[in-house]
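Below you'll find the structure, written out as structure tokens, and then a few comments.
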Amino acid sequence: AWTGLLDSYTALILPFMATAFGLFLFRQAYARIPDELIAAARVDGMSEFGIAWRIAFPIGLPTAIAFSIFSVTAHWNDLFWPLIATTSPELATPPRGILFFRDAESGDDVGPLMAGATLVVAPLVLGFLLAQKRFTQGLAGAGLKG
């Protein structure tokens, strides 16, 4: 609170920037790059930035897509941290937005609650279907040592 981060997008994003799962997944993906490939790139005169951009980045892209799907899904469905970090309805995450359909006087209105739940789940399902190939490539390749 004393940093002035509460009730901001930074408060929702900052605590989840680095995760143990993400570090492990990317470490496994980049560990499978053969040392000979990097050595050959250096012999050919490629810079370190060029090696990272033209060799490591394309190899790690499926892993980055798989991790982003996991991360977005986990934080899209997060309810408790947004309840702590934000107070304004403009910054409400989708599950927290569903809570606005609850009414203390008349009880829960099931129709709007189910419609809200469908709207919360639909982008996740659509995103997974669009990135399914890269998602499975990223998960299958992250655990292999080439």
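Quick notes on this one:
- Virtual spin-label span in nm between Ser88 and Arg54, 7 Å along Cα→Cβ: 4.6
- For the peptides 3-11, 68-76, the ranking by packing is 68-76, 3-11, with the highest mean count of neighbouring Cβ atoms within 10 Å listed first.
- Over the range 4-97, relative contact order from alpha-carbon pairs under 8 Å, at least 6 apart, %: 42
- Between the entries [x] 17.5; [y] 15.4; [z] 18.3, the label attached to Kirkwood radius over Cα pairs in Å calculated for this structure is [z].
- In this label model, Thr118 and Leu14 are separated by 3.9 nm, measuring between points 7 Å along each Cα→Cβ vector.
- Nearest-ten-degree value, helix 57-76 long axis tilted from longest Cα axis of the chain: 10
- Solvent-accessible area per residue, Å², over the chain with all protein chains present [probe radius 1.4 Å]: 68
- Apolar share of the accessible surface for the chain: 69 percent from carbon plus sulfur atoms, 1.4 Å probe.
- Using a probe of 1.4 Å on the protein chains alone, the accessible area found for Met17 is around 130 Å².
The values are calculated or read from the model by the stated rules, or taken from the named source; none is laboratory data. In this text, all values refer to a predicted model and were calculated from it rather than measured experimentally. Glycine also receives a Cβ, built like all others from the backbone with ideal geometry; neighbour counts cover every protein chain displayed. Just so you know, the surface numbers come from the protein's heavy atoms only, side chains and all, with ligands and any DNA or RNA stripped out. Shrake-Rupley method; radii C 1.70, N 1.55, O 1.52, S 1.80 Å.
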